[in-house]
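A short write-up of the structure that comes next.
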Number of protein chains: 2
Amino acid sequence: MANITKKVSWSSRGDEGTPLLNGSETRRHSKEDSVRGRPKEIPHNEKLLSLKYESLDYDNIENQLFLEEERRMSYMGFRCLEISRWVVCGLIGFLTGLIACFIDIVVEQLAGIKYQVVKENIERFTEVGGLSISLILWAVLNSIFVMVGAIIVAFFEPIAAGSGIPQIKCYLNGVKIPRVVRLKTLVVKVCGVICSVVGGLAVGKEGPMIHSGAVVAAGVSQGRSTSLKRDFKIFEYFRRDTEKRDFVSAGAAAGVSAAFGAPVGGVLFSLEEGASFWNQMLTWRIFFASMISTFTLNFFLSIYHKNPGDLSNPGLINFGRFENDSVAYYLYEIPLFIAMGAIGGLLGALFNVLNYWLTIFRIRYVHRPCLQVMEAMLVAAVTATVSFTMIYFSDDCQPLGPEHTEEYPLQLFCADGEYNSMATAFFNTPERSVRSLFHNQPGSYNPLTLGVFTLTYFFLACWTYGLTVSAGVFIPSLLIGAAWGRLCGILLATISATGSIWADPGKYALIGAAAQLGGIVRMTLSLTVILVEATGNVTYGLPIMLVLMTAKIVGDYFVEGLYDIHIKLQSIPFLHWEAPATSHWLTAREVMSSPVTCLNKVEKVGTIVDTLSNTSTNHNGFPVVVQGASSEEPAKLCGLILRSQLIVLLKHKVFVELARSRLTQRKLQLKDFRDAYPRFPPIQSIHVSQDERECMMDLSEFMTATPYTVPQDTSLPRVFKLVRALGLRHLVVVDDENRVVGLVTRKDLARYHLGKHGLEELQLAQT
Amino acid sequence: MANITKKVSWSSRGDEGTPLLNGSETRRHSKEDSVRGRPKEIPHNEKLLSLKYESLDYDNIENQLFLEEERRMSYMGFRCLEISRWVVCGLIGFLTGLIACFIDIVVEQLAGIKYQVVKENIERFTEVGGLSISLILWAVLNSIFVMVGAIIVAFFEPIAAGSGIPQIKCYLNGVKIPRVVRLKTLVVKVCGVICSVVGGLAVGKEGPMIHSGAVVAAGVSQGRSTSLKRDFKIFEYFRRDTEKRDFVSAGAAAGVSAAFGAPVGGVLFSLEEGASFWNQMLTWRIFFASMISTFTLNFFLSIYHKNPGDLSNPGLINFGRFENDSVAYYLYEIPLFIAMGAIGGLLGALFNVLNYWLTIFRIRYVHRPCLQVMEAMLVAAVTATVSFTMIYFSDDCQPLGPEHTEEYPLQLFCADGEYNSMATAFFNTPERSVRSLFHNQPGSYNPLTLGVFTLTYFFLACWTYGLTVSAGVFIPSLLIGAAWGRLCGILLATISATGSIWADPGKYALIGAAAQLGGIVRMTLSLTVILVEATGNVTYGLPIMLVLMTAKIVGDYFVEGLYDIHIKLQSIPFLHWEAPATSHWLTAREVMSSPVTCLNKVEKVGTIVDTLSNTSTNHNGFPVVVQGASSEEPAKLCGLILRSQLIVLLKHKVFVELARSRLTQRKLQLKDFRDAYPRFPPIQSIHVSQDERECMMDLSEFMTATPYTVPQDTSLPRVFKLVRALGLRHLVVVDDENRVVGLVTRKDLARYHLGKHGLEELQLAQT
């Protein structure tokens, strides 16, 4: 691994006085390095930074057209816009709630049928022998569901795989992940998650809700669907990255809110993932979307459950109410909770490390769609087999309670009036299993059952995450944690003399669940609120916080959170919150790309076409300069224009000569740019004749006339702060006479990260 | 009012080509205007913007000294810093919790004694007649307490008046309010709040906790106390505005957390008030401080209540647990809740309008400390008298329950075994009254009692807020709302046929309390979480959100929130989240101050002293320019230096000539600046001899070498976004040759606001 890590060696870098290698050369150089010194193993992707991802423009393009529109707009116009933002957020919440409702009902129906069939089959064969037929039936049923789920994902929309949370994190961070917020992705995601949950994989349907909400938001806010070729001619003002991002964060929050019945948790989730663009009005809109989402879900589920109007049981997952004892926990339990948090951190780190290796294996060897489908089917079959074996060999029989908390109690070899306890954990949707672990009476599970279950489910869940199916990791994590947490509770009760106060293993199950989930995903604030809202009880807020904090600290010592690992493995240029602490050494001069292709304010069409066609000058943004009066005077920066804008200009042939000859020609408006957004055609599809190449284009009306700039000596943390806080895509580096000397983009900043040996520089690659 | 509103008239402003009036002239001009056309009434302060408030530097001063220090620091150094940040946050939480605990216990003890004395007195005189003596005793007792509280505030530290929330909001926003985070303020605040609560005013002790937490944070994080002249020589790295602000937001969160037992609510409070500087690590530290704070308070209170180790009853105020009915509320109750939200919004707006007039009255006529003390005593006496009268004339007798929920049941004229219901509302600390309204059995209050109580308490609370005592408005608002909310519940139960489902007026009391508080302070997200955490029940989360949202929308239609009103009345240049919507017309050219006093890179000491002494050039920051090779070439911007830095340089006589002659002279270090922070001496106290005036000072090492700049044509919203997102104090406006043409500061941006007639410009005044 060491031979591909290119540490930033300060001695070889020029000091202020000496000339520096320019950025692109350094890169080509380092790339050659890795080719020459061919490593024995394929380079890990997390040591690379992919160049294929474009950035989003989270800074408004303030050109003349935009300013004119804003100035024309009256105060009432802005009020109307504000109101339509609220309307859009309401719609986002409503639709997200509906989708959650749909998923929930379909899963419940299909899973019900499946478990009923298998249960009847098992009961038939328990007496007469030949349970292997039941096993095969179960495994085949699971595999079929999973196969369908995997096929649609692998062949139709690979981006719909997994929970989608890393992708949404990246989107909010400003990375354009192709196809991530398309309608097709949503359809595949919804169908995929239904298949994988019904297929009995160790997955949850909650994570994908976040992605679904984000897609809904991106769709609704644009007032059109490019896939369906329908344009409703509404919300045209919102057709730019800045506005869209705000709505997507509302959609993600609505997704969390629907999944866990946690509107505040949803807002905090969006906040923890993308706080750099926060403001109060936006917070409230996001909150509104979250509320509507929970509300819609509750309302329709209450009708479905034939109890209309009862809104007090929100969310796809419901942890059930914890009894309000007079004293929920004692001071001396706090150290125990913290210890459990540490265990959660350790187990989470183990989970992440195993999954990391597995993902690298998958990247190398399982990249063909058919292989991916086969792997998913294999996992489904193995899951069924393992479950069946565990149930078969378990002799943990429990009396059937009068309240029938179990949906599908399996008697198997137990006496009449008893049920197999292991089966409640496996033979159920994971959501129900979590609830049973939280709330079943003390003594419902024997310790061995829990231990074995934890162990098997841990590896199953770890194997499952990263399969080419739509599925989340929240519920499996909670289930693993609840199992070992309950085990801890039982063990504590056994070793302590005063058994009474330890009487509630459900409490420990909750703490364990929080610890395990925290150890894997490493969220703290939002997760605390989500768990508190899902349990419907604030009493356990403090222990949950402590546990999550401990799990994070312990886990971070070993390895990053699961989502961050997957983001890194995809070589996405993700900008963290701050520049690495020890990066004050670096200045804009060293991190910027240089030389930069600049355009003149009035530029020849041929030059522009050539520039856009040349992929090596691919910053997607070009500083615009104006020549001084005399030719000796240097060209000063006067604006910045994006590739997408130039494409639109070329498409509409906005040439100086044509404007003169055809007086009637319509002036290009902001609407033309909005219509082309977000899928601008490639330069190759635009035909420019040889005559037209000689024409001139006047960019002054279309460029951002006041781009943000920094001097060359600005330190990296300062540059980073500016780019991160304002969501910039391009930052122009100028000298003290306002001449362009370089350009800083996302990749230039994301390259630097703190590794084990101090500051490291990632390589850029075209992968 | 119209004659002092100077609307921005576009025609009179120069267009791009014509020369502009410079900023300071415009201002003097407009000031004269208002003097000449002397208005009949004194100008309302909210139409002015005070120049007396300085800004804080929430952008790091990146000069050579700073960069050298950062570069010298190893990775371990940064880790240690990070750990000490966590330690400081822990300390902040611990101390804030302790203070809350202290206030709670002292108030409970003193109030207990007071009520016991008065109660015995009343009981003695009920039979024999002469209850007027009891009244006088009660009124005198109250007045004495309030007098003490008012005297220490009015004479020793006027900034400790009120809840302190507006001040902390301003601090986090970047406005330097003098003395707001000093130790003396804390002492006065704590004593003052005890006096005013024990003195029976319609106030709460929760708001001041936020201020107290902030002061603790500012003190602890600096590792020294300037007031006590103790320097512990620790945490020196944190002696700058950026770091201090982060800790102050943690302190504010810890304060909320201690006051309401709401750690998540605390974090969200800090977030809603100052989200522009947010990042993930900071969030977690703030969360940690909040947790420790609740935890400390719980722990010590559990010992005080002789139930050590029971940590499940957090916060100064505890709303008590709402029973978990199977169905908390039905769908058809939602419109009712929303209607109550609207009522809350209306009543809140009324409260704010009344308080606004009252505050203007106070600003004009009650500005001498003795008058202020007398007013406070008057309010205390009136409060006692009104309470007494109400109790006296009330004939609402209720049977004394077996559970003795009332701490001081007053029998008065009721039969034996009964108590006066009106007395429970008045003859109690407001916290207990709120709890009674939430949880007492249906029928404990008769509607008339509640109606009369709401009415009187509303006006009392309105009169009380803004008195020169330390006190908060949270609890009185909750109490008013709970009273009319319960009234609504009772009325609904009366008019509906199916009485059973309306059986719980406590639920309506909770909703009413939320509506009233929301209508007054207009927070949504944080308040939702605070109320949910304080009730310990997530079930009512959704209705509370709806109600708060409605109250905010309705209230905002009429008037701003209470805190914003008070900020405006103090003419504080508060920067809102975004520039006014219709301000795209304005560019940096129009808003900037110009001409700007610039300094040369190597400047004569005499010039610097004169510049600093001249109060008319008072931007507290000076662009540093460097002259070109030939004298014709214009001077280019090369840095920015602050008044405070220049003062330190002058004090240490860092002159070029002295450095040459005295080779042994110690080089000035960052430590010298940190030692002087934050109370830099005035220029008058620094003696510079005539010889020294001829010396030169080299600023290059001390100035921020890479200040942020914008071109002249940048639109106001763009400038605003940059300043707000990065917390800038000075933004240099340059032309396209990098020459300084102006300076944008906080006041230049805060001047513009959306009034009833579109964009308005506030006048700047020296008040």
(message) Starting from the 7 Å offset along Cα-to-Cβ, what nm value, one decimal, do you get for the label separation of A:ILE303 and A:LEU371?
(response) 4.8
(request) Would you calculate a helix-derived [θ] at 222 nm for the protein assembly as shown, using -39,500 (n - 2.57) for each DSSP H run of n ≥ 4 and dividing by the full residue count, to the nearest 500? (result) -18000 deg cm²/dmol
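Average partner chain C-beta neighbours within 10 Å, per residue of B:541-551?
3
Classify the protein assembly as shown: rounded, prolate or oblate, from the alpha-carbon gyration tensor (a ≥ b ≥ c, eigenvalue square roots; a/c under 1.5 rounded; otherwise prolate if a/b is larger than b/c)? The partial results should precede the final answer.
On the way: a/c = 1.67, a/b = 1.06, b/c = 1.57.
Note, shape of the protein assembly as shown comes out oblate.
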(request) Round to the nearest 0.05 the FRET efficiency obtained for A:VAL353 and A:ASP416 when R0 = 56 Å and r is the Cβ-Cβ distance. (result) 0.75
(request) Taking H placed 1.01 Å from N in the peptide plane, check which residues at least 5 places from A:CYS638 or on another chain put their amide H under 5 Å from its amide H. (result) A:VAL624, A:VAL625, A:VAL626
(message) Can you list the copy-to-copy distances for B:TYR304, using a point 7 angstrom from Cα toward Cβ, in nanometres, shortest first?
(response) 4.9
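Packing-wise, with mean Cβ within 10 Å as the measure, how do A:49-57, B:745-753 rank, highest first? Don't jump to the answer; show the numbers that get you there.
Values: A:49-57: 19.6, B:745-753: 21.4.
Packing proxy ranking, top to bottom: B:745-753, A:49-57.
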(message) How far apart, in nanometres, would the label points at A:GLN116 and A:VAL128 be if each is projected 7 angstrom from Cα along the Cα-to-Cβ direction?
(response) 2.2
(message) For the pair A:ARG72/A:ASN618, report the inter-label distance in nm, with labels modelled 7 Å from Cα in the Cβ direction.
(response) 3.7
(request) Send over a whole-number figure in Å² for the accessible area per residue of the protein assembly as shown, probe 1.4 Å. (result) 37
(message) Give me the percent of accessible area attributable to carbon and sulfur for the protein assembly as shown, probe 1.4 angstrom.
(response) 61
(request) Take the alpha carbon atoms of segment A:592-612, find their center, do the same for segment B:722-737, and report the distance between the two centers in whole angstrom. (result) 28
(request) Mind checking B:569-578 for the average number of partner chain beta-carbons within 10 Å of each residue's beta-carbon? (result) 1
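Tally the DSSP beta bridges in chain B and give the antiparallel ones as a percent, rounded to 5.
Working: 31 of 40 bridges.
Looking only at bridges with both residues in chain B, the antiparallel portion is about 80 percent.
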(request) Just name one of B:SER225, B:PHE238, B:GLY266: the one whose Cα is farthest towards the positive end of the charge dipole of segment B:216-292 (beta-carbon charges, Lys/Arg +1, Asp/Glu -1). (result) B:SER225
(request) In whole angstrom, note down how far apart the Cα centers of segment A:83-128 and segment B:333-387 are. (result) 52
(request) Would you work out if segment A:424-549 is rounded, prolate or oblate? Take a ≥ b ≥ c from the square roots of the eigenvalues of the alpha-carbon gyration tensor; rounded if a/c is under 1.5, else prolate when a/b is larger than b/c, oblate otherwise. (result) oblate
(request) With a Förster radius of 22 Å, plug the Cβ-Cβ distance of A:VAL87 and A:LEU183 into 1/(1 + (r/R0)^6) and report the FRET value to the nearest 0.05. (result) 0.60
(request) With a 10 Å radius around each residue's Cβ, average the other Cβ atoms per peptide and rank B:292-302, A:510-520, highest first. (result) A:510-520, B:292-302
(message) Compute the distance from the alpha-carbon center of segment A:414-481 to that of segment B:278-292, in whole Å.
(response) 34
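For chain A, give the magnitude of the charge dipole about the Cα centre (Cβ charges: +1 Lys/Arg, -1 Asp/Glu; no others), in debye to the nearest 20.
Working: 70 positive and 68 negative charges, 401 e Å.
Approximately 1920 debye in magnitude.
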(message) At R0 = 35 Å, how high is the FRET efficiency between A:ALA339 and B:GLN109 if r is their beta carbon distance? Nearest 0.05 is fine.
(response) 0.35
(request) Report, in order of residue number, the helices in chain A meeting two criteria: a C-alpha extent of 18 Å or more along the helix axis, and a mean Kyte-Doolittle hydropathy of at least 1.0; treat each whole DSSP H run as one helix. (result) A:131-151, A:183-198, A:280-304, A:334-365, A:369-393, A:447-464, A:474-495, A:541-558
(message) Is the C-alpha gyration tensor of segment B:178-252 telling us rounded, prolate or oblate? Criteria: a/c under 1.5 is rounded; beyond that, a/b larger than b/c is prolate, otherwise oblate.
(response) prolate
(request) Compute for chains A and B the buried accessible surface, both sides summed, probe 1.4 Å, and express it in Å² to the nearest 100. (result) 7800
(message) Under the convention of a label 7 Å out along Cα→Cβ, give the distances in nm from A:ALA415 to the same position in every other copy, shortest first.
(response) 6.1
(message) Quick check for me: using +1 on Lys/Arg Cβ and -1 on Asp/Glu Cβ, what's the dipole size of the protein assembly as shown about its Cα centre, in debye to the nearest 20?
(response) 2960
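Using a 10 Å cut-off on Cβ to Cβ distances, tally the other chain neighbours for every residue of A:278-288 and report the average as a whole number.
On the way: counts 7, 8, 10, 3, 3, 8, 7, 0, 1, 6, 4.
Mean partner-chain Cβ count within 10 Å for A:278-288: 5.
The values are calculated or read from the model by the stated rules, or taken from the named source; none is laboratory data. All figures in this text were calculated on a predicted structure; none of them were measured in a lab. Don't worry about glycine lacking a Cβ; one is built from the backbone with ideal geometry, like all the others, and counts go over all protein chains shown. Quick note on the areas: whole protein, heavy atoms, side chains included, nothing else; ligands and nucleic acids left out. Shrake-Rupley method; radii C 1.70, N 1.55, O 1.52, S 1.80 Å.
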